[in-house]
Structures are given as structure tokens and as C-alpha cells.
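Written below as C-alpha cells is the structure these notes are about.
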Amino acid sequence: MSLESNVNAALSDVIDPELGINIVDLGLIYGIDIQETVVIIRMTLTTPGCPMHDSIRIGVEHRISQVDGVSDVQVEISWDPAWNPGKMSNKARESLGL
């Protein structure tokens, strides 16, 4: 597997503690930039005042740092575009009863 594939798979292990759904299925990941062994994750949260902001960011940093070949992880939180439920996967919508 490529480093990008491994990073994508690892992001699915990070769960939003309030919703119990991984951040990929929630549609929170806006982009992944890999520069040699440095991984930059551009992501959002469900709301700007999300009480789990630090928990989720730290979870991403921790999980991606465990991927073989990664020397550094940077997480950039972006509010543009704003998250909305339309960004969720069908699996996430079903889990939430939407």
C-alpha cells in the first residue's frame, strides 16, 4: 500500500466521540497533502464551537503518526467550506438515522 492509502485508512480509525462515527464518513476530511514523510491533513469539524475540537485534532495527529513512513503530522482546521450533513457518507447517514 502507498503512504497515501495508509493515511486514508488510518483516518477511518479516528472516531468523533460525540457521534461515534469516523471522521472520514462524517465528511470532515477536506484534503491530505504528503510531502515526503510529512503529512498535512486539512479538515473541518461539524461546528466552529465543537467541544471535541482538541480531542479530534489530537486523535488525528496520534493515529497518523503511527503510520509507517510518517515523520510529522500537521492538522489544519478549516471552516471554508462550512461542514454540512450533505458531506457525510451514506453509511454515516444511516448510522444517524438520516
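Since every read-out is calculated from the coordinates, none of them should be taken as a lab result. Please read all numbers here as calculations on a predicted model, not as lab measurements. Cβ coordinates were reconstructed from backbone atoms using ideal geometry, including for glycine residues, and neighbour counts include every protein chain displayed.
Of note:
- Structure-based [θ]222 nm, the chain - -39500 (n - 2.57) summed over DSSP H runs of at least 4, per residue, nearest 500: -8000 deg cm²/dmol
- Relative contact order for region 3-84: 33 percent, from Cα pairs under 8 Å spaced at least 6 residues apart, divided by residue count.
- For Kirkwood radius over Cα pairs in Å, calculated from these coordinates, the label among [x] 14.2; [y] 13.6; [z] 15.4: [y]
- Protection proxy ranking, peptides 79-87, 44-52, average beta carbon neighbours within 10 Å, highest first: 44-52, 79-87
- Taking the fewest neighbouring Cβ atoms within 10 Å as the starting point, the ordered list for V70, V38, V7 is V38, V70, V7.
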